[in-house]
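Q: Please read through the structure below; I'll follow up with questions.
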Amino acid sequence: MKDSLGGTAKTLMFVNVSPSNYNESESKNSMDYATRVKKIKNKIQKNVESNAASNLKKLVQDQDVLIAKLKEIVQKSNLASELGALEAMLALVGAVNTEPGSGARGGAGEEGGELDDEYDK
């Protein structure tokens, strides 16, 4: 019983007792329980949080605030959508440059280079 009522705080208990003969056994059991609970003694201790833990909590809270502000700035400036559009364009340009025959005159590979040389003459 001490484990369930123990802790680092004071506990207050109220017992309801009925003067009726009908509830005599229930009242007696309640009084017996209250007597046993009264005998339990706890040492009250103040919960002390270390400075490192409190500093860490504050840093985490500050970080959350900064993240929220950054998200708000990104949403307001539409940088995310512009970045997505630029990445899509870059991928398209990269795909065009890697296709065979994508040279300036439409030549393909080394043969295209030889044809270009003959064309320049």
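What follows is calculated from the coordinates using simple rules that are stated; it is not laboratory data. All values reported here derive from a predicted model rather than from experimental measurement. We place every Cβ from the backbone using ideal geometry, glycine too, and count neighbours over all the protein chains shown.
Q: Rounded if a/c is under 1.5, else prolate if a/b is larger than b/c, else oblate: which is segment 50-99, with a ≥ b ≥ c the root eigenvalues of its Cα gyration tensor?
A: Oblate is the answer for segment 50-99, as a/c is 1.5 or above yet b/c matches or exceeds a/b.
Q: Take the Cβ-Cβ distance between residue 13 and residue 48 as r, set R0 to 25 Å, and report the resulting FRET efficiency rounded to the nearest 0.05. Spell out each step's value before the answer.
A: On the way: r = 27 Å, r/R0 = 1.10.
For residue 13 and residue 48, the calculated efficiency is 0.35.
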